[in-house]
Amino acid sequence: MDELIVKIKELFGSMITDAELQAEKGNKAAGTRARKASLELEKMLKEFRKVSLEESKK
């Protein structure tokens, strides 16, 4: 679970960086990267929820 949390933090940080580049400087490529990262983040968060529920049942 700790490994998953670290991956989520890293991905979220890179998504925020790219989203800010798009918003502030109009960088279209950064926007594409941010959208892609948001989809990956969604999958990771679902996995976190699953693992978290399993851990709470122990």
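The values are calculated or read from the model by the stated rules, or taken from the named source; none is laboratory data. Owing to the predicted nature of the structure, the values given are computational and were not obtained by experimental measurement. We place every Cβ from the backbone using ideal geometry, glycine too, and count neighbours over all the protein chains shown. Side chains included, ligands, DNA and RNA excluded: accessible areas come from the protein's heavy atoms. Shrake-Rupley method; radii C 1.70, N 1.55, O 1.52, S 1.80 Å.
For the chain, the equivalent ellipsoid built from the Cα gyration tensor has semi-axes of 29, 9, 6 Å, listed from largest to smallest. Spatial offset of the stretch 10-24 relative to the stretch 42-58 amounts to 25 Å, using the alpha carbon center of each. Per residue of the chain, the DSSP helices (runs of n ≥ 4 H) give a summed -39500 (n - 2.57) that works out to -32500 deg cm²/dmol at 222 nm. Against the chain, whose longest principal axis is taken from its Cα atoms, helix 2-25 shows a tilt of about 20°. Between 0 and 90 degrees, the angle of helix 28-56 with respect to the longest Cα principal axis of the chain falls at about 10 degrees.
What FRET efficiency would be calculated for the residue pair residue 23, residue 43, taking the C-beta separation as r and a Förster radius of 22 Å, to the nearest 0.05? It comes to 0.40.
Note on the chain: with charges restricted to the Cβ of Lys and Arg (+1) and Asp and Glu (-1), its dipole about the Cα centre is near 220 debye. Taking the accessible area of the chain, probe 1.4 Å, and keeping the other protein chains in place, the carbon and sulfur fraction comes to 56%.
Each Cα pair under 8 Å and six or more residues apart adds its separation to the average, and for the chain the resulting relative contact order is 40 percent.
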